[in-house]
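In what follows, a structure is listed as structure tokens, so that the remarks can point back to it.
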Amino acid sequence: MTRIALVTGGIGGLGTAICTRLAQDGYTVVANHHPSEADAAEAWKKDRADAGFSIDTIAADVSSFEDSARMVNEITAHHGPIDILINCAGITRDKTFKKMEAAQWNAVISVNLNSVFNVTRPVWEGMLERGFGRIVNISSVNGQRGQFGQANYSAAKAGMHGFTMALAQEGASKGVTVNTISPGYVETAMTLAMDETVRNSIISGIPMRRMAQPDEIAAAISFLVSDESAYVTGANLPVNGGLFMH
Ligand code: CAA
């Protein structure tokens, strides 16, 4: 039976590449999107179908536990239990800390970090019971090294990997692996939204002197969810062009 993969933030720049790669790999893929993006999701689904990929979409606000649980129930009823979860939903609210408001802190923590609890919690027990699961949390180089103007984002992204390491221990003896991928700067709408001068100065500091293509991140995810990676758990795999090494 084909394995079922859920990608949160699935219709975004990175999400699209991840969904497409997992569909190419032969999984049944469901792309989550925010309820406010219903029209964009419809167009996205058609675009993916035109490209030869049949990928289902589902609306849910992953910053809400109730809505996330409802989403998981609907996917399970329609497709079957979720074997692979990619926690990819994320936003930025960049501000120097002296200007950062509580709303900007809370929005980023809710969408980027609380979502990881909200979506993983309802799929977790089923994975343990079935003896197979793959969870990949999409963090960031900026969770590893911090970034000027991103106290909220860096905190959330660092938190994701703490979660990964704890949960990896709970899943290890049950066939469920939990890993983090920490992308560097990837060519998506999120990085394009940055001021051009700031962006260019960041690129000049990347040893490879370029941003990543979304496909280059998706390839690492393809590896982590595969059967061959069964012995990899609790890892934080950087895909950052050499921007941060440790
Ligand atoms: N280090 C030190 N000082 C810096 C700096 C840096 N990296 N960047 C800016 N500054 C300084 C400026 O020189 C300026 O100094 P003065 O006040 O002395 O003139 C000051 O900081 C700018 O302060 P502002 O109050 O004007 O800044 P702001 O609150 O409006 O916000 C910012 C500025 C939007 C945070 C901007 O610095 C920025 O865009 N930084 C980059 C943030 C970033 O990397 N975002 C990544 C988005 S993509 C993503 O997140 C994906 C991923 O995972 C990688």
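Here are some notes:
- Taking residues in region 79-100 that are open to solvent by 50 Å² or more (accessible area, probe 1.4 Å), and partners anywhere that are near the ligand (Cβ under 8 Å from one of its atoms), the pairs with Cβ atoms closer than 6 Å and at least 6 places apart or on different chains are D94/G149; D94/Q150.
- Top-ranked residue of region 148-163 - restricted to ones that are within 16 Å of the ligand (Cβ to nearest atom) and free of Cβ contacts under 8 Å to residues at least 40 places away in the same chain, ranked as most open to solvent (accessible area, probe 1.4 Å): A158
- Test for R70: is it within 14 Å of the ligand (Cβ to nearest atom) and farther than 26 Å from S173 by Cα: no
- The set of residues from region 168-214 being acidic (D, E) and farther than 30 Å from R130 by Cβ comprises E187, D195, E196.
- Restricting region 187-197 to residues that are within 9 Å of the ligand (Cβ to nearest atom) and in contact (Cβ under 8 Å) with a residue 12 or more places away in the chain leaves a set whose member that is surrounded by the fewest Cβ atoms within 10 Å (Cβ to Cβ) is A193.
Conditions (1) loosely packed, with under 15 Cβ neighbours inside 10 Å; (2) within 14 Å of the ligand (Cβ to nearest atom); (3) of a type in the set (D, E, K, R), marked per residue:
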{"residue": "M165", "(1), (2), (3)": "no, no, no"}
{"residue": "A172", "(1), (2), (3)": "yes, no, no"}
{"residue": "Y185", "(1), (2), (3)": "no, yes, no"}
{"residue": "R209", "(1), (2), (3)": "yes, no, yes"}
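- In region 233-246, of all residues being open to solvent by 40 Å² or more (accessible area, probe 1.4 Å) and not in a strand (DSSP E or B), the one that is nearest to E170 (Cα to Cα) corresponds to T233.
- Helices (runs of 4 or more DSSP H) completely within region 1-83 that count 1 or more residues being within 16 Å of the chain's Cα centre (by Cα): 13-24, 65-78
- Filtered by the rule that a residue be open to solvent by 10 Å² or more (accessible area, probe 1.4 Å), within 16 Å of I217 (Cβ to Cβ) and among the small types (G, A, S), region 18-33 gives a lone residue, A23.
The values are calculated or read from the model by the stated rules, or taken from the named source; none is laboratory data. Fair warning: this is a prediction, and the values are worked out from it, not measured in the lab. We place every Cβ from the backbone using ideal geometry, glycine too, and count neighbours over all the protein chains shown. Just the protein is used for accessible areas: all its heavy atoms, side chains included, with ligands, DNA and RNA removed. Shrake-Rupley method; radii C 1.70, N 1.55, O 1.52, S 1.80 Å.
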